[in-house]
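In what follows, a single structure is set out as structure tokens and then discussed.
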Amino acid sequence: MYPLRRNRRLRTNDAVRHLVRETILTPSDFLVPMFVVEGKGVKEEITSMPDYYRLSLDNLEKEVKELWGMGLCAVLLFVKVTDNLKDNKGTEALNPEGLMQRAVKTVKNACPEMLVMTDVALDPYSSYGHDGIVAHGTILNDETVELLTDMSVSHAQAGADFVAPSDMMDGRIISIREALEEEELFNTGIMSYSAKYASAFYGPFRDALDSAPVDIKNVPKDKKTYQMDPANRFEAITETQADIDEGADIVMVKPGLCYLDIVREIRNEVDVPVAVYQVSGEYAMLKAAAEKGWLDHDAVMMEQLIAIKRAGANIIASYFAKDAVKLMG
Ligand code: PBG
């Protein structure tokens, strides 16, 4: 009771604040998303993601070496596929010489110890911009799962340490796990996007990969029949528990900031590592506000990342990873 208890005593100076700090960010908390394109010497800035780039394989190699030198030890790869290689079934996704498969090899050659995770979903390969196969105005579940399973095996064979299915089809984790076991890829892990919401915060990412759902007849305009309703909380636990039961090694909540209640709930509920994806729209919002001089970029960035970790994230996928680590000095 006051004055015996003066709560401000523990905030008097930096030294005591550090001493009692409960949450500390380190480079090993981060998973760095990377966008890969065909070509040579390509480093294209993504319009809606200032300071973030699409890289060709040669620049990917340079970048991962730099990341490794900074203590960033895990990357999450996405590819931008040229239009002529897109179809409804994501045929190109299974090409052993496809861009993703070459990207995995490039990272592993440049930096053998870098942990490589690959995005598994059809959208970058889909002429309709959906995570699954489209038929009669719907997204087919089981046919899509078969494809995602083959895709996962292909990524694992190329050398991926983890596959990261981001599609939200039902039953894909067990199917992928069984196929990996069958191929004796026992050590390939699965990071499942388990509680992935149908969020408007993915806009800039869809610009980055040119992967937004197309506006044509008989193609759903959004992903609401597979991604979760932002209004739901219990469902996040059901989805996550199902993925763990099916064999997911790491589960994920996505997006980040608007969903930190879900992160805390999942963290309390399960005992596998929990990843949080601070998505492209979250990145874009801060960049835009900072550009206008309305927010202090670095301070807000660190506050947001700390909040994500404090909420229960064990792993943070973030476009700010490099900037944050630079500030950690
Ligand atoms: C697609 C995928 C998306 C993201 C990661 N994987 C977009 C979507 O579901 O439409 C979003 C990432 C971001 O916004 O940063 N399978």
Per the filter on segment 75-109, residues within 16 Å of the ligand (Cβ to nearest atom) and either farther than 22 Å from residue 139 by Cβ or of a type in the set (Ser, Thr, Tyr) (or both) are 75, 76, 77, 99, 103
Single match in 256, 281 (criterion: within 12 Å of the ligand (Cβ to nearest atom), modelled with pLDDT of 95 or more and out of contact with any Asp or Glu (no Cβ under 9 Å at 6 or more places or on another chain))
281
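Residue-by-condition table, conditions (1) more than 9 Å from the ligand (Cβ to nearest atom); (2) over 17 Å from the mean Cα position of the chain (by Cα); (3) open to solvent by less than 10 Å² (accessible area, probe 1.4 Å); (4) closer than 26 Å to residue 48 by Cβ:
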| residue | (1), (2), (3), (4) |
| --- | --- |
| 185 | yes, yes, no, no |
| 194 | yes, no, yes, no |
| 209 | no, no, yes, yes |
| 214 | yes, yes, no, yes |
| 218 | yes, yes, no, no |
| 232 | yes, yes, no, no |
| 238 | yes, yes, no, no |
| 243 | yes, no, yes, no |
Quick check on my filter: what residues within segment 134-156 are among the hydrophobic types (A, V, I, L, M, F, W, C), under 17 Å from residue 224 (Cα atoms), touching a Gly at 6+ places or on another chain (Cβ under 8 Å) and free of Cβ contacts under 8 Å to residues at least 60 places away in the same chain?
140
Filtered residues of segment 121-167 (kept if aliphatic (A, V, I, L, M) and more than 15 Å from the ligand (Cβ to nearest atom))
135, 140, 153, 156, 158, 160
Those residues of segment 127-138 which are surrounded by fewer than 24 Cβ atoms within 10 Å (Cβ to Cβ) and touching a strand residue (DSSP E or B) at 6+ places or on another chain (Cβ under 7 Å), in sequence order:
127, 128, 133
Only one residue in 172, 177 is within 24 Å of residue 277 (Cα to Cα), basic (Lys, Arg) and open to solvent by less than 10 Å² (accessible area, probe 1.4 Å). Which one?
172
Within segment 99-126, how many residues are in contact with a strand residue (DSSP E or B) (Cβ under 9 Å, 6 or more places away or on another chain) and of a type in the set (Lys, Arg)?
2
Tally of residues being within 16 Å of the ligand (Cβ to nearest atom) and among the β-branched types (Val, Ile, Thr) across segment 284-329
3
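The values are calculated or read from the model by the stated rules, or taken from the named source; none is laboratory data. Predicted model only: the values in this text are computed from it and were never measured. So basically every Cβ, Gly included, is an ideal-geometry build from the backbone, and we count neighbours across all protein chains shown. Ligands, DNA and RNA are excluded from the accessible area calculation, which covers all protein heavy atoms including side chains. Shrake-Rupley method; radii C 1.70, N 1.55, O 1.52, S 1.80 Å.
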